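What follows is one structure encoded as structure tokens, with my remarks underneath.
Just so it is clear, none of the values below were taken in a lab; they were calculated from the coordinates. This is a predicted model, so every value here is computed, not measured. When we count neighbours, we look across all protein chains shown, and the Cβ atoms used for this are built from the backbone with ideal geometry, even at glycine.
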Amino acid sequence: MDATDPALHALVDRVERARRDGAFLCLRGGGTKDFYGEAPQGEVLDTRLLHGTPSYEPTELVVTTRCGTLLAELEALLATQGQCLPFEPPHFAAGATVGGMIAAGLSGPSRASAGSVRDHVLGATVLNGNGEVLSFGGQVIKNVAGYDVSRLMVGAMGTLGLILEVSLKVLPLPRASATLRFAFDQATALTRLNAWGGMPLPLEASAWWDGSLIVRLRGAEAAVQSAALRLGGERIEDRAADAFWNGLRNHADEFFQHAHGAVRDGALLWRVGVPQTAPVLELDGETLIEWHGAQRWLVSTLPAAQVRAATTEVGGHATLFRAASKEAGVFTPLVPPLDRIHRQLKQSFDPAGIFNPGRLYAGL
Amino acid sequence: MNAPLPTAVAEDAAERVQRQADVVAALGAVLPPHALLWHREDTVPYECDGLTAYREQPLVVALPETESQVAAVLRVCHALDVPVVARGAGTGLSGGALPHKRGVTLSLAKFNRIVRLDPKARTATVQCGVRNLAISEAAAPLGLYYAPDPSSQIACSIGGNIAENSGGVHCLKYGLTLHNVLKVRGYTAAGEAVTFGSEALDAPGYDLMSVLVGSEGMLAVIVEATVRLIPKPQVARCIMASFDDIRKAGDAVANVIAAGIIPAGLEMLDKPMAAAVESFVHAGYDLEAAAILLCESDGNIEEVEEEIGRMAAVMESSGASRIEVSENEAQRLRFWSGRKNAFPASGRISPDYMCMDSTIPRKRLADMLLAIQKMEQTHALRCVNVFHAGDGNLHPLILFDANDPDQLHRAERFGADILEASVEMGGTVTGEHGVGIEKLSSMCVQFSPAEREQMLALKRAFDPKGLLNPGKVIPSLVRCAEYGKMHVKRGLLPFADLPRF
């Protein structure tokens, strides 16, 4: 991008004006995650103004792309070179953008094995609340020059600045894949997943729901075939398997369709993050387990305090992912001194409190 | 600058003695007598880390044995506005643990206990002073290991690894320290207990782990970490390929990646480096080659067989003049022995060497080697090169004799030239050794004033008084002005300099 790019000028002007006028800005791409986090506030700033992929170097395993680039377009571009975003970011609807992917920091089914969005960020250029365009990190895998500010943007819900451009590590598409199904109850599924995780197997994704454990093996052809033989189970043919994993990734499968209906009727959809070895959580409701036990989706009508208490007890946290009312607070409250550090970080990036106020926590 | 007047020096010394007495008295109330050093002869071992060119006498060295003592030391220092420099094994290569002359060096060497190995969760919870290799050794009976393996792994501690976001030779496939640490416990500058991350795969709020790892002890003092262990691959095999042309070797690196292969390790040595290590360890390196690549595959037996075949085909089609594939573990280790001994081998052929640590895009490896050859002539010094080619991290070793002040000066300029060339090629001034004190000036080249100010503001959010390892990593505006080199602009940056902002 050259210094005369009108889109960048427009964004900077907008931030400058907001700062002058004491206005709030709601950073928004495709709006596919409007439902996520605390309620959006402020005038909408459409980040799709700045889009495109200035550089993609397959042999460097790096792509640099702008906030407004459609995630679907980016993934299609990578696929032309046999590469992908290994963390499988969700598309909750058509129109999801790169900026939203970074800001929300959500990863898909492969996360436990392949790493998270944050793990694949190499660098970012951001616009802070003072209207300054700042670059951190870079386009190389090893980089310890200064604090890793680019990765701090991941999951910050846009409260620290407007992500203009991001460099991501990409990887070759897996050469082989196999999906297996096992009839296990929840406790057995968790035990098996923990045991398999300690073996040199290409276990890449897993999902347990309603008495079925589905696992995906991915990697070199020889490794996948020998692991499939070793694990047993019922082999699911590729097309059905792809449909299943995509549905799970994008929350379009049967469990989430049911969950969305239940939310309309007043239930809460929780994303519970726990250690992989946490036992079956004794919470009434429908549960789907991903990430080899580390991510548990719960549809429940239990009081929020009860869900949070049960997850905190096992060393985890619970996010109110979808709900008609979010009175209980979307994200698990921070303990001191982390809450103070959060407030001071916000102050240091966005002193006037322009960006996405309250979207992550009140006061940020 | 004018030399200070003698009376000012005397006043300074007297003030230091007074300050030292105050700090010793205050810390004496919270530490047992043997955990507090301040006599010069006792503190000498702490005056530098692995970067021995920079030395400073700490005011006091504190060696706490319990977490409550760590917290108490921090609270005392916070109350007295005394800087604190945390120190692990002291193997760092950028002066990150260089003492502060008006500060306390907080040695965490006594925190060397493996707290818990959890085979089911595949995690190790260790105190910060535990050595990197000790984690893998303890996990070996479980068939697990800790992946990041900096070359100093027999000596360096996990606390220092977290401070530097250490890498090693397997980063492309297995990630950096950041990717392998789940949870860190420690204390803020004010001595409050704090936990970053969690044993779940994420934690609520900002991803503070991202900035904590690699912050060189400037944001918090850590005492315990929970790290991820991974199953040991069944087998590893290595290809050693020779090239008669540096460009062909550089292309081979790109071609391996383009073929969709992520090697477990991919290293490059140039001809002078191969000669230096060969006479040291007799690894069987091809002394005729302009460059040698070591390319490793790991996994189960079938997948390694498959991958080695594909790698060898790429090496061949890229014009390798000689290819050897390890047939057994002894041979594989022999291939690696040369690479692993690059530093000591350089120490044998030169009184001193300066190790650089920049990273560049892989495709520029050959350009960089050729540029370094030119710089050898400009500065009239030799340079031998080992690269983590898989991730573009360079370790040129500039050979010089520190007894000759002009050689030292030329070596420093040589190093600065390499770092600037790296930034110009789209890279970074440090890949894994950290900025510390050594590369402060180079940070002026890589970051704009506004970027540096944002990083300083970030530090203040964690440490409002600026007491943790002050003066490292982020150079002041004044220092950059004195260095006199503009930062090299990249990407969207030209905008930051427009008057309108």
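Between the alpha-carbon centres of region B:49-108 and region A:302-328 there is a gap of 41 Å.
Please report, in debye to the nearest 20, how large the charge dipole of the protein assembly as shown is about its Cα centre when each Lys and Arg carries +1 at its beta carbon and each Asp and Glu carries -1 there. Don't skip to the answer; put the middle values down first.
Values: 80 positive and 97 negative charges, 221 e Å.
Value, rounded to 20: 1060 debye.
Computed from backbone phi with θ = phi - 60° and the Karplus coefficients 6.51, -1.76 and 1.60, the 3J(HN,Hα) list for region B:211-216 is 8, 5, 5, x, 8, 6 Hz; x is used for glycine and proline. Only one residue of A:Ile236, A:Gly197, A:Gln186 has its Cα farthest out toward the positive end of the dipole of region A:176-249, where Lys and Arg carry +1 and Asp and Glu -1 on Cβ, and that residue is A:Gly197. Taking Cβ separations below 4.7 Å as the criterion for a possible disulfide partner, the isolated cysteines in chain B are B:Cys48, B:Cys77, B:Cys128, B:Cys156, B:Cys171, B:Cys238, B:Cys295, B:Cys355, B:Cys383.
For region A:254-322, what class follows from the C-alpha gyration tensor (a ≥ b ≥ c being the square roots of its eigenvalues): rounded when a/c is under 1.5, otherwise prolate if a/b is larger than b/c, else oblate?
Working: a/c = 2.20, a/b = 1.42, b/c = 1.56.
Cα axes put region A:254-322 in the oblate bin.
Taking neighbour Cβ counts within 10 Å as the exposure measure, how do B:Cys480, B:Cys171, B:Cys295, B:Cys48 sort from fewest upward? Can you show the working numbers first?
On the way: B:Cys480 21, B:Cys171 25, B:Cys295 30, B:Cys48 18.
So the ranking, lowest neighbour count to highest, is B:Cys48, B:Cys480, B:Cys171, B:Cys295.
Of all lysines in the structure, those lying under 25 Å Cα to Cα from B:Lys459, and not within fewer than 8 positions of it along the same chain, are A:Lys142, A:Lys346, B:Lys101, B:Lys183, B:Lys439, B:Lys472, B:Lys485, B:Lys489.
Look at the alpha carbon pairs under 8 Å that are at least 6 residues apart: their mean separation over the length of chain A gives a relative contact order of 19 percent.
Does chain A come out rounded, prolate or oblate, given a ≥ b ≥ c as the square roots of the eigenvalues of its C-alpha gyration tensor, rounded meaning a/c under 1.5 and, failing that, prolate meaning a/b above b/c? Verdict is oblate for chain A.
Selection among B:Leu458, B:Ile437, B:Tyr174 by position relative to the dipole of chain B gives B:Leu458 as farthest towards the positive end (Cβ unit charges, Cα centre).
Can you give the net charge of the other residues whose Cβ lies under 9 Å from the Cβ of A:Glu88, counting K and R as +1 and D and E as -1? Write down the numbers at each step before the final one.
Values: positive: A:Arg111, A:Arg249; negative: none.
Taking every Cβ under 9 Å from that of A:Glu88, the sum is +2.
What's the magnitude of the charge dipole for region A:233-364 around its Cα centre, counting Lys and Arg as +1 and Asp and Glu as -1 at the beta-carbon? Answer in Debye, nearest 20. Display every interim value, and only then the final one.
On the way: 13 positive and 15 negative charges, 141 e Å.
Charge dipole of region A:233-364: 680 debye, to the nearest 20.
Averaging Cα coordinates gives a centre for region B:404-447 and one for region A:153-185; these two points are 34 Å apart. Sorted ascending by nearby beta carbons within 10 Å, beginning with the fewest, B:Val85, A:Val149 become A:Val149, B:Val85. With contributions of -39500 (n - 2.57) from each DSSP H run of at least four residues, the per-residue ellipticity at 222 nm computed over chain A stands at -9000 deg cm²/dmol.
Just tell me how shielded B:470-479 is by partners: mean number of partner chain Cβ atoms within 10 Å of each residue's Cβ, no decimals.
Mean number of neighbouring Cβ atoms from other chains: 1.
Quick one: grab the alpha carbon gyration tensor of region A:6-172, order the square roots of its eigenvalues as a ≥ b ≥ c, and give me rounded if a/c is under 1.5, else prolate or oblate depending on whether a/b is larger than b/c. Judged from the Cα gyration tensor, region A:6-172 comes out prolate (a/c at least 1.5, a/b above b/c).
Angle of helix B:67-80 to the longest C-alpha principal axis of chain B, folded into 0 to 90 degrees and rounded to 10: 60°. Legend: mean number of C-beta atoms from other chains within 10 angstrom of residue C-beta atoms, peptide B:426-439, equals 4. Restricting to Cα pairs below 8 Å that are 6+ residues apart, what does the relative contact order work out to for region B:114-231? Please round to a whole percent. It comes to 32 percent, rounded to a whole number.
What does the charge count around A:Ala243 come to, taking other residues whose C-beta lies under 12 Å from its C-beta (Lys +1, Arg +1, Asp -1, Glu -1)?
Values: positive: A:Arg239, A:Arg249; negative: A:Glu237, A:Asp238, A:Asp242, A:Asp253, A:Glu254.
Charge balance in the 12 Å sphere: -3.
Fewest-first ordering of A:Trp245, B:Trp38 by other beta carbons within 10 Å of each residue's beta carbon gives B:Trp38, A:Trp245. Neighbouring Cβ atoms from other chains, within 10 Å of the Cβ of residues in B:245-255, number 1 on average. Applied to region B:135-143, the Karplus parametrisation 6.51 cos²θ - 1.76 cosθ + 1.60 on θ = phi - 60° returns per-residue 3J(HN,Hα) values of 5, 5, 5, 5, 7, 4, x, 8, x Hz, with x for Gly and Pro.
With viscosity set to 1.567 mPa s at 4 °C, what whole-number translational diffusion coefficient in µm²/s follows for chain B from Stokes-Einstein and a Kirkwood radius over Cα pairs? Intermediate results must be reported in sequence, preceding the final value.
Numbers: Rh = 24.1 Å.
D, rounded to a whole number, is 54 µm²/s.
The magnitude of the dipole of chain B, with charges of +1 and -1 set on the Cβ of Lys/Arg and Asp/Glu and taken from the Cα centre, is near 820 debye. Close amide H pairs (under 5 Å, H built 1.01 Å from N) link A:Leu122 with A:Ser167, A:Leu168, A:Lys169, residues at least 5 positions away or on another chain. Counting Lys +1, Arg +1, Asp -1, Glu -1, what net charge surrounds A:Arg343 among other residues with beta carbon under 13 Å of its beta carbon? Taking every other residue near A:Arg343 into account, the sum is +1. Helical runs (DSSP H, four residues minimum) scored at -39500 (n - 2.57) apiece and divided by the length of chain B put the mean residue ellipticity at 222 nm at -11500 deg cm²/dmol.
Counting alpha carbon pairs within less than 8 Å and at least 6 residues apart, what relative contact order, in whole percent, applies to region B:275-407? Spell out each step's value before the answer.
Numbers: 139 pairs, mean separation 31.9, N = 133.
Here the relative contact order equals 24 percent.
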